[in-house]
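Just below is one structure, and these are the notes that go with it.
The values are calculated or read from the model by the stated rules, or taken from the named source; none is laboratory data. The shown structure was predicted, so the numbers you read here are calculated from the model rather than taken from an experiment. We place every Cβ from the backbone using ideal geometry, glycine too, and count neighbours over all the protein chains shown.
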Amino acid sequence: MMEFNECGPAADPQYSLQEEEEEEDDDDDEREWRCTVDCINRSLLTPAAAASGELTGDSYNYAIQDTDVPGYRVIVHIDLDCFYAQVEMIRNPEFKGFPLAVHQKHLVVTCNYEARKYGVSKIMSVSEAKEKCPHVILVCGEDLTPYREISYKITELLEGFSPLVERLGFDENFVDITKLVEKRLQQIGSGGVPADLSVIDHVYGNRALNTADAKHVRLALGSQIAAEMRTAIYNRVGLTGSAGIASNKLLAKLVSGTFKPNQQTTLLPESIQDCMGSLMHPGQVPGIGPKTAQHLAFLRIGTIRGLQTFPLDLLEKDLGVCAAQRIHKLSFGVDDSSVTPRGPPQSLSDEDSFRRCSSLVEIRIKIESLLICLLTRLQKDGRTPRTIRLTIRRTSATNKWFNRESRQCPVPNQLMQKLNTEGVKTKCSIRVKPD
Ligand code: DCP
Ligand code: MG
Ligand code: MG
């Protein structure tokens with residue numbers, strides 16, 4: 001992997017180091033959620049009025065003043081359908097309606113829903129995909145540029161609805177629409193919530209909406225806003241996506257995949273425990289990564305119920321107080337973490353396999369091609385990087401991430417100047433030392 005770090009605007013290089021989320025692949029899930037976790041129990045802040053959730057006759061009273069109150073927030077999670085495949089069908093409209101798979105090297109990274117009907121699936125070898133569906137269209141998806149560009153377009157579009165948008169990977173965004181819901185409640189005014197207020201599309205577990213329940217009303221309005229977001233994404237970018245609407249990030253992400261593609265699901269509070277209970281094991285809880293799940297398995301915690309009932313003090317001894325409390329709360333569907341916009345990525349990276357390289361010349365060519373891609377992106381980005389880092393991962397049959405070695409150095413001051421005057425040259429000067 002090669003990356004430019006600490007990218008900052010030319011005038012203000014005050015950026016801190018942070019990995020570009022979508023291209024860092026190990027323990028991604030766990031890292032993402034750990035970053036936003038809030039170890040202070042904010043449920044202590046719950047105002048009594050909000051906690052009661054009672055109907056007062058005036059619809060504005062469905063609104064609360066502290067939009068951070070857990071249980072009263074409205075969070076949407078949108079995951080685009082077969083993302084790379086949809087992008088390829090936009091780039092090549094003649095592929096639409098036919099089974100299509102996007103591959104990197106010999107692996108299918110995604111496929112459209114037509115191909116899924118034949119049994120083709122993500123992370124299947126290309127040869128197996130061809131066996132399942134001999135007429136599948138195969139598109140190489142190793143150049144991430146088109147996916148990256150559309151990905152940021154979607155985030156930007158969602159920012160038009162609410163400033164609180166958090167990217168998770170290339171094709172997912174959390175949007176905190178609590179304030180927007182508050183606004184809609186104000187618009188409803190004292191006339192009262194319309195009796196025909198309904199949830200758009202699915203309600204998890206088919207629960208009936210109770211328009212006398214403040215939380216239900218807020219989530220129903222949230223489902224309308226989520227539908228508007230999906231329509232805007234389709235009309236302006238041409239992509240479909242699935243959405244989950246719930247009172248926190250964890251639950252919104254969990255339910256967004258309940259009905260796919262191009263559908264949405266709203267989770268009412270009474271179904272939270274059913275939703276958590278439907279998970280087969282703790283590793284399926286977003287925020288519990290593979291390492292923690294392994295640790296829990298070691299403690300013989302293999303189910304959500306097992307985690308919920310495991311003595312917290314023992315868990316704290318084993319995982320540390322903060323982590324133990326966090327995952328214990330997650331197992332009950334409690335997640336106080338806020339939707340945190342990250343802004344532009346703080347590092348730009350690219351990677352490729354050196355498996356087929358058998359000489360220094362071939363290695364040099366491979367590194368040059370990575371560098372050219374990165375410099376092109378850097379030029380488009382316009383910010384000035386401070387360091388460049390090259391990371392080599394040696395894999396082994398037993399441990400995929402075995403032996404990660406990095407070297408980094410400052411980026412020469414004149415690089416950006418040179419890039420702007422001369423552009424990205426097709427030939428870069430790279431020295432490869434034999435040691
Ligand atoms: N991706 C990848 N490598 C993986 C998994 C996914 O490169 N191991 C890429 C291809 C996907 C994109 O990330 O298009 C988004 O991943 P998702 O898991 O959301 O899968 P899709 O969007 O493709 O399909 P779905 O409709 O199931 O969300
Ligand atoms: Mg997706
Ligand atoms: Mg996704």
Checklist entry - On the given criteria, is ASN262 assigned to a loop (DSSP other than H, G, I, E, B), under 27 Å from PRO146 (Cα atoms) and of a type in the set (S, T, N, Q)? => result yes
Next on the checklist: Can you tell me which residue is farthest from ligand 1 (Cβ to nearest atom) among those in segment 192-247 that are within 14 Å of LEU158 (Cα to Cα) and of a type in the set (D, E, K, R)?
Outcome noted: GLU228
Checklist entry - Within segment 299-311, restricting attention to residues that are more than 17 Å from ASP335 (Cβ to Cβ) and in contact with a helix residue (DSSP H, G or I) (Cβ under 9 Å, 6 or more places away or on another chain), which residue is surrounded by the most Cβ atoms within 10 Å (Cβ to Cβ)? => result ILE301
Next on the checklist: Being surrounded by 15 or more Cβ atoms within 10 Å (Cβ to Cβ) and either in contact with a Ser or Thr (Cβ under 9 Å, 6 or more places away or on another chain) or among the charged types (D, E, K, R) (or both) is the requirement here; does LEU296 meet it?
Outcome noted: no
Next on the checklist: Give me the residue from segment 328-360 that is surrounded by 16 or more Cβ atoms within 10 Å (Cβ to Cβ) and hydrophobic (A, V, I, L, M, F, W, C) and, out of that set, modelled with the lowest pLDDT.
Outcome noted: LEU348
Checklist entry - Among (1) crowded, with 18+ Cβ neighbours inside 10 Å; (2) in a loop (DSSP other than H, G, I, E, B); (3) within 14 Å of ligand 3 (Cβ to nearest atom); (4) not hydrophobic (A, V, I, L, M, F, W, C), which single condition is ASP79 missing? => result (2)
Next on the checklist: Which count do you get for residues in segment 92-115 that are free of Cβ contacts under 8 Å to residues at least 12 places away in the same chain and under 17 Å from GLY241 (Cα atoms)?
Outcome noted: 1
Next on the checklist: List pairs: first residue in segment 209-221 and at negative phi, second residue surrounded by fewer than 24 Cβ atoms within 10 Å (Cβ to Cβ) and charged (D, E, K, R) anywhere in the structure, Cβ distance under 8 angstrom, at least six positions apart or on different chains.
Outcome noted: ALA214/GLU54; LEU221/ARG184
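Residues are listed down the side, and each one gets a yes or a no for (1) under 19 Å from MET229 (Cα atoms); (2) assigned by TED's automatic domain parsing to the domain that holds ASP381; (3) assigned to a helix (DSSP H, G or I); (4) within 15 Å of ligand 3 (Cβ to nearest atom):
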site: GLU94; (1), (2), (3), (4): no, no, yes, no
site: VAL120; (1), (2), (3), (4): no, no, no, no
site: ILE150; (1), (2), (3), (4): yes, no, yes, yes
site: THR155; (1), (2), (3), (4): yes, no, yes, yes
site: PHE161; (1), (2), (3), (4): yes, no, no, no
Next on the checklist: Against the condition outside any helix (DSSP H, G or I) and within 20 Å of SER198 (Cα to Cα), how does THR231 come out, does it pass?
Outcome noted: no
Checklist entry - Taking segment 67-89 as the search range and keeping residues that are at pLDDT 95 or above and β-branched (Val, Ile, Thr), which one is nearest to ligand 2 (Cβ to nearest atom)? => result ILE78
Item to check | Verdict on VAL193 being in contact (Cβ under 8 Å) with a residue 60 or more places away in the chain and hydrophobic (A, V, I, L, M, F, W, C) | outcome: yes
Item to check | Single residue of GLU166, GLU142 found to be surrounded by fewer than 17 Cβ atoms within 10 Å (Cβ to Cβ), under 21 Å from the mean Cα position of the chain (by Cα), within 16 Å of ligand 1 (Cβ to nearest atom) and among the charged types (D, E, K, R) | outcome: GLU142
Next on the checklist: Cβ-Cβ under 6 Å, sequence separation 6+ or interchain: first residue in segment 236-252 and under 30 Å from ARG91 (Cα atoms) and modelled with pLDDT of 95 or more, partner of a type in the set (A, V, I, L, M, F, W, C) and outside any helix (DSSP H, G or I). Which pairs?
Outcome noted: LEU239/LEU80; GLY241/ILE78; GLY241/LEU80; ALA243/VAL76; ALA243/ILE78
Checklist outcome for this item: Here the residues within segment 225-242 that are more than 16 Å from ligand 2 (Cβ to nearest atom) and of a type outside the set (Val, Ile, Thr) are ALA227, GLU228, ALA232, ASN235, ARG236
Item to check | Subset tally (residues that are within 16 Å of ligand 2 (Cβ to nearest atom), assigned to a strand (DSSP E or B) and farther than 20 Å from ARG236 by Cα) for segment 167-196 | outcome: 1
Checklist entry - With (1) free of Cβ contacts under 8 Å to residues at least 40 places away in the same chain; (2) part of a loop (DSSP other than H, G, I, E, B) as the list, and SER338 as the residue in question, which single condition is left unmet? => result (1)
